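Student: First the structure, which I've put down as C-alpha cells, then a few questions once you've had a look.
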Amino acid sequence: MNEPVSLNLARLRRSCTECSIQQLCLPAGMNGEDIGRLDTVARRRRPLAKGESLFRAGDPLRAVYVASEGCFKTAVVNASGEEHILGFHLQGELFGLDAVGTGQHRCEAIALVDSRVCELPFDRLASIAAKLPSLQNQLLRVIGQSANHDHDHVEVLARRQASERIALFVHGLSERYRQIGRPSNDFHLPMSRDEIARYLGLVLETVSRGFSRLHEDGIIEVHGRRVRILDEEALYAAANGGNGGQSPEPRKRNSA
C-alpha cells in the first residue's frame, strides 16, 4: 500500500476535469506531486438516483463533495413540514461545507437528477491541506466563497423585489455555468419552477410569471427548462432594479 504511485499529470488533470474538482485539485501553485496527493484522497462514489439523499441533517461530517455529474439541492424542513431550499450545487461546485463548523450537517443534500459525486474525506483533506499551503489557501477561499454566497442569498430574500430575485437567479446561474466551463447563455435548468420558488422565497405563480415576463421582454428565451439568454446587459439591469448602468431597454418580443 505504500508503494510510490506513478504520476501521470495528463491523467490526473483529465480525471479532475471529469470529476470537476479543479477548484481544489488544480489551484495555482500546486505541482504534480501535490496534485497526486490530492487525487489519492478523492473517492469516486456510486451514482445517486434523482431524489436520493447524499447526507441528511444531523449526519456527522465525513466528507465534502463535488458533483461530477448532475446537480444537488440542499434543504431543511421546518416544523410544519415545509421544505426551504438553501442552495443548488452544480457540477463542479464544492458542497457539504455546512458541517465544517459544528461537525454535523444542518441540512439535507438531495440529487435533483441522476448524479455522481466525488467524495473528499474531510479529515484526510485537512491533513494534506496542513502540509500544502497552496491547497490550504484554496480550501479557505472556497469556504469563504460559500459563506459569501449564503450572505448574498439572505440579502436577496430580505431586500429584493420578486422580479429582481428571478432575474438575479438566472444571471447568477449563468455566471456559475461560466465558471465551471459550461455554456452560460444556453442551459438547462436542473431544478423545477417550484424549487426555484422555494429557494427565492416566492410562490410558484410569481416565478412562472417572472420567467414569462423576461421571455416577453426579449431578455431570455424559455422553452420548458431550457433557458437561452438573449440580452445579458438587460438581464443584469433587471437583476439590479433596472439600474444596471448603461444597459439598453430590453427589446420587446413581437407578438406576431
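Student: State all residues of segment 191-223 that are on the phi > 0 side of the Ramachandran plot and either among the aliphatic types (A, V, I, L, M) or in contact with a His (Cβ under 9 Å, 6 or more places away or on another chain) (or both); if no residue qualifies, say none.
Tutor: Step one: of segment 191-223, the residues on the phi > 0 side of the Ramachandran plot are 201, 218.
G201, the sole residue that qualifies.
Student: Tell me which strands (runs of 3 or more DSSP E) are completely within segment 1-119 and hold 1 or more residues being of a type in the set (F, W, Y) and at pLDDT 85 or above, or say none if there are none. Explain how you work it out, then say what you get.
Tutor: Numbers: elements: 53-55, 63-69, 72-77, 83-89, 108-111.
Hits in segment 1-119: 53-55, 63-69, 72-77, 83-89.
Student: For segment 64-80, name all the residues that are within 12 Å of the chain's Cα centre (by Cα) and of a type in the set (V, I, T).
Tutor: Of everything in segment 64-80, those that are within 12 Å of the chain's Cα centre (by Cα) and of a type in the set (V, I, T) turn out to be V66, T74.
The values are calculated or read from the model by the stated rules, or taken from the named source; none is laboratory data. Predicted model only: the values in this text are computed from it and were never measured. In this analysis, Cβ positions are derived from the backbone assuming ideal geometry, glycine residues included, and neighbour counts consider all displayed protein chains.
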